[in-house]
Amino acid sequence: MKVDSSVTLDRPTVLSRYPGLWWGLLGVVAFSFTLPFTRIAAAGLPALFVGSARAVVAAVLAACALALTRQRLPRGAQWLRLALVAAGVVVGFPVLTSYALTTVPASHAAVVIGLLPAATAVLAVLRSRERPARSFWVFSGLGAVCAVAFASVQGGGIGTLHWADALLFAAVLAAAAGYAEGGLLARELGSWQTVSWALVLAAPLMTVLTISSLDDRVLQADPAQWWAFAYLAVVSMFLGFFAWYRGLALGPMAQVSQIQLTQPVMTILWSALLLGEHPGVPTLLGGLAVILCAALAVRTRATPVSSSKGL
């Protein structure tokens, strides 16, 4: 009895061994509301305004945080890496998804965005020059095929992709590049500092885009659309990244990225509760297939880390 008790107490849990998992989960919960709130905001506000103005608001918050805490400036190549993060998560993903969600349901977008964990793992592998098992590439490829097949069927038949799906796939690649590079850069600059510098770096461009997108719809939007926009600006573009990049920085990145697999499920749930969407069987099956392939891809990438020196 005494031996069993000591074994139980001394045995580390997954969460104690990987503290980054808690931070990653918090970030994913924050991000899971992004697609539903983007669809709400884009129903009344211009899509370009939704995608760019939220980054401007977040950049102001980021600049204040950096100034108040007197953070040191990034150096040399770090600026180029921050530009990649900014291009992916500050410019690419918000703008592309804002346009896509003017025509497709948030639950549909959640299935395509379900590719993001596998895409992030692939780019992290390429970025760090790892040599994962062949099964990693097999499952990553299967996930992409499942997502394309789902989008094709939903778009009107096999081989027919809606323009919104093309935007969603581009958004996945943009976000994956930003996540992978941002996770590595967060180990050097800090988690919230990384996203803050990326926001500040992209602020001039996003300000120009915001000004160019202004029209009468900005004045006619209802309170619900403005509240949705506020969430996107403060949480999706700013606070959520504090938790997410801290989780990736604490790592291990492969294990933390697995938490992202829960995001499509949560997004579909929020879409039903907030938007009244009722995802059909094809959406649920498509989401399950994409999530399963992504999970297997991320897991097969993570396995060699502890079992093989060749990685």
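Remarks
- Qualifying residue in segment 212-224 (condition: β-branched (Val, Ile, Thr), surrounded by 20 or more Cβ atoms within 10 Å (Cβ to Cβ) and not in a loop (DSSP other than H, G, I, E, B)): no
- Residue count for segment 36-46 under the criterion of being open to solvent by 10 Å² or more (accessible area, probe 1.4 Å) and not small (Gly, Ala, Ser): the result is 3.
- Selection from segment 225-255 of residues that are over 30 Å from Ala121 (Cβ atoms) and either open to solvent by 60 Å² or more (accessible area, probe 1.4 Å) or hydroxyl-bearing (Ser, Thr, Tyr) (or both): Trp226, Trp227
- Output for segment 124-156, where each listed residue is among the polar types (S, T, N, Q) and modelled with pLDDT of 70 or more: Ser128, Ser135, Ser140
- Yes/no for Ala233 being under 27 Å from Ala65 (Cα atoms), in contact with a helix residue (DSSP H, G or I) (Cβ under 7 Å, 6 or more places away or on another chain) and touching a residue at least 12 places away in the same chain (Cβ under 8 Å): yes
- Taking residues in segment 50-61 that are in contact (Cβ under 8 Å) with a residue 24 or more places away in the chain, and partners anywhere that are of a type in the set (S, T, N, Q) and surrounded by 24 or more Cβ atoms within 10 Å (Cβ to Cβ), the pairs with Cβ atoms closer than 6 Å and at least 6 places apart or on different chains are Val50/Ser98; Gly51/Ser98.
- Leading residue by the ranking (farthest from the chain's Cα centre (by Cα)) among those in segment 49-102 that are buried (at least 24 other Cβ atoms within 10 Å of the Cβ) and among the hydroxyl-bearing types (Ser, Thr, Tyr): Ser52
The values are calculated or read from the model by the stated rules, or taken from the named source; none is laboratory data. Keep in mind it's a predicted model, so treat the numbers as computed, not measured. Ideal geometry is used to build each Cβ from the backbone, glycine not excepted, and the neighbour counts take in all protein chains shown. To get the accessible areas, we keep the full protein, side chains included, count just its heavy atoms, and leave off ligands, DNA and RNA. Shrake-Rupley method; radii C 1.70, N 1.55, O 1.52, S 1.80 Å.
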